1. Here are labelled values, (i) 4, 11, 10, 10, 9, 8, 8, 7, 6, 6, 5, 4, 3, 2, 1, 1, 1, 1, 1, 0, 0, 0; (ii) 5, 23, 32, 25, 12, 3, 0; (iii) 4, 16, 18, 16, 14, 10, 6, 4, 3, 3, 2, 2, 1, 1, 0, 0, and one is the computed P(r) over Cα pairs in 10 Å bins from 0, in percent for what I pasted. Which one?
2. FRET efficiency for S93 and E122, Cβ-Cβ distance as r, R0 = 51 Å, nearest 0.05?
3. Figure the gain on full extension for H376 and R174 (residue separation times 0.36 nm, minus the Cα-Cα span) and round it to one decimal in nm.
4. Work out, step by step, the length gained on full extension between N350 and L133: first 0.36 nm times the residue separation, then minus their alpha carbon distance; give nm to one decimal.
5. Using mean Cβ contacts within 10 Å as the protection proxy, how do 267-276, 347-356 order, highest first?
6. Grab the DSSP H runs of the chain that are 4 residues or longer, score each as -39,500 (n - 2.57), total them, divide by all residues and round the 222 nm result to the nearest 500 deg cm²/dmol.
7. With N denoting the number of residues in region 130-173, provide Rg(C-alpha) divided by 2.2 N^0.38 Å, to two decimal places.
8. Which one, Q151, Q200, Q176, projects farthest toward the positive side of the charge dipole computed for region 112-235 from Cβ point charges (K/R +1, D/E -1)?
Amino acid sequence: MPDAIYQDDVSITAYLPEGVEPAATTRAPKSAGLRRKLFAGLFGAAMALGAGLYAYDILVLEKHVTTDNAYVGADVADVTPLVNGPVRQVLVSDTQFVKRGDALVTLDDTDARIALARAQAELEQTRRRIEGLYATATQLNAQIAARIADQARAEAALVASQGDLVRAKIDLSRRQALSGSGSVSAEEVSNARNAFVTAQANLRSAEASLELARANRNAAGGAERANSVLIAESNIDTNPDFLAAQATRDQARVDLDRTVIRAPIDGVVSRRDVQVGQSVEKGHTLLQIAPIQQAYVDANFKEVQLASVHAGQRVTLTSDLYGGGVVYHGHVAGFAGGTGEAFAMIPAQNATGNWIKVVQRLPVRIALDPGELAAHPLRVGLSMYADIDVGND
């Protein structure tokens, strides 16, 4: 059978007259050689691509760990009142930037002003009472001196009464001895007996007076000691009662100052949840302040990526907000204490019969360059792409 002539892969033998043979052609061998060259080129390109990818993996990828599971965070401050009261003014709104110390909310201060006035009055009363204690100390010392004198007088009167009793007794005995001989009248004996009885009564009275003088002296001494305890080793300004009243006054003054709620940090006002007229209580969150100038990134790397990662390594980041044209530079600040699943409200319980291993992610804290952060501010929660250079330790 004659050779077929191929044109566009279609045989033209059927179209030749009978007895006419087609001319010889070399098209088939040329086409086969072209295919071999094409396959060889593709194979070489594939080998070159594979070698390039292998080299890129060895020289580049193994020196970097990356993730797009990264988000901007900040230590957001909750603004809460420290005193109760109705809201008089709200001076800020969401998205507003505030500085530390700026007034955010004011509460009605009527009750606080009254409490301060009452505490100030109690402080003055305490001062005067303590001044009275020092004056009383002088008075009590004088009373003690007087009671000592009264006791000395009572002791002297007792000695005199004792002497009178001795004389009266001797006089009565002498007259009674002479009454039998008639030398002394019965009236003299009677008078002597009455004088003796009177001397006995005067002695008992003197003894009672002495006891009373001693009791008065002891009472005066006790009052002086009790008063001295209240003022011992102190003056008016260091007296405990005065210090307590002063602390009450200072607390009332602080409570008045706290009716103006101020920003604890610099940042952007977020989640404002307070209105004029609202009655607020201590501990109720009124709004939050996000310190965007101190933002950081929490990058959630897979656990199999972290073998070569440690604190201090350089990190480059990009954000979805600005795109790849803005590159942030930072460093690894540290690692979280556990995976997000471990700190979930309902932690995973892996001790079950149907357990399936899941690769976990560990949050890595990345500190950002403050200058770059100031030039291109970020907001809490924005997505980031993080690349840690682990090849330049």
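1. Working out P(r) over Cα pairs in 10 Å bins from 0, in percent from the coordinates points to (i).
2. Efficiency for this residue pair is about 0.80.
3. Gain on stretching H376 to R174: 60.0 nm.
4. Extra length from N350 to L133 when fully extended: 70.7 nm.
5. 267-276, 347-356
6. -16000 deg cm²/dmol
7. 2.06
8. Q151
Computed from the coordinates by the stated procedures, all read-outs in this text should not be read as laboratory data. For clarity, every value in this text was computed on a predicted model and none was experimentally measured. Quick reminder, even Gly has a Cβ in these numbers, built from the backbone with ideal geometry, and neighbours come from all protein chains shown.
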